[in-house]
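The values are calculated or read from the model by the stated rules, or taken from the named source; none is laboratory data. It should be emphasised that the depicted structure is a prediction, and the values quoted were computed from it without experimental measurement. Using ideal geometry, Cβ is built from the backbone for each residue, glycine included, and neighbour counts are taken over all protein chains shown. Surface accessibility is based on the protein's heavy atoms, side chains included, excluding ligands, DNA and RNA. Shrake-Rupley method; radii C 1.70, N 1.55, O 1.52, S 1.80 Å.
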Amino acid sequence: MSLSDRIETVEKRIQEACGRSGRSREEVQVIAVTKYVSADTALKAVELGLHHLGENRWQVAQDKWKAISGAVPEGADNPVVWHFIGSLQSNKVKEVIGKFTYIHSLDRLSLAKEIQKQAEQHGLVVPCFIQVNVSGEESKHGLQPDQVLPFLRDLRQLNAVRPVGLMTMAPLEAEAEATRPVFRALRQLRDELNRSGELDFPLTELSMGMSGDFEVAIEEGATWVRLGTILVGKEEE
Ligand SMILES: *Cc1c(COP(=O)(O)O)cnc(C)c1O
């Protein structure tokens, strides 16, 4: 399938998932995860209208970041917005801040403090998702659900770190339908946190859903889906 066919097919499935759950299409944003493809393919995706791009490792991302920022300058009509979606080492934060707008993997205070430090130097406030390990798998990054409120309290002292929502990854091997409780639990956690009366800003966002399970995630309230394989493909090295 060509890239434009893939994008069209995914778009149709997103619209159908929105329709089934009574949501409007504008509530769901798509992050094209380009970690498996070349800079050329990523740029084609941008030309075809995808302008949120996600990468999970700075090492893999940097050449694409350079190529695309060169081709689509920041002041362009429809500038590319980068999302850092993978686990982030504190010593890579200085590479990422100022290039990636959103961080989806905030899961510890030491990382938040490093983001604060770099963001201050750039004069930025960085919108961050708190990564939550809803499924409880040991291999997964993220806070346990009951650690999120105490963590958010700690973040209040860091004025350049702005928690905007929650992020999770569902078990990969699961069938799409089996992921529903995970996504539902993340939405319920967000709603409870917003009702706690302890947040300076409401958590509006839910970053959940990948190639295998994005429709279920949308039905359960995702506001950002992170799509790699199904949307931009996977190229062999
Ligand atoms: C790779 C990756 C994705 C996209 O994966 P696909 O299954 O190819 O859509 C989404 N989120 C994170 C955190 C990833 O690392």
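Couple of notes before you dig in:
- Cα gyration tensor shape for the chain, rounded if a/c is under 1.5, else prolate or oblate: oblate
- Under 16 Å from Lys113, Cα to Cα: aspartates and glutamates that are on another chain or at least 8 residues apart: Glu95, Asp154
- Using a cutoff of 8 angstrom between alpha carbon atoms and counting only pairs six or more residues apart, the relative contact order for the range 33-172 works out to 19 percent.
- In terms of distances greater than 24 angstrom between alpha carbons, the cross-link table entries Lys44/Lys66; Lys44/Lys94; Lys12/Lys66; Lys117/Lys140 yield Lys44/Lys94; Lys12/Lys66; Lys117/Lys140.
- Computed [θ] at 222 nm, deg cm²/dmol, the chain (DSSP H ≥ 4; -39,500 (n - 2.57); rounded to nearest 500): -11500 deg cm²/dmol
- Protein accessible area in the range 183-237, 1.4 Å probe - carbon and sulfur %: 45 percent
- For the range 159-205, GluC sites (Glu not before Pro) are listed when DSSP marks them as loop and at most 14 other Cβ atoms sit within 10 Å of their Cβ; the list is Glu173, Glu175, Glu198.
- Whole-Å distance, taken between Cα centres, linking the range 105-145 and the range 168-217: 16 Å
- Among the GluC sites (Glu not before Pro) within the range 119-150, those in coil by DSSP and having at most 16 neighbouring Cβ atoms inside 10 Å are Glu137, Glu138.
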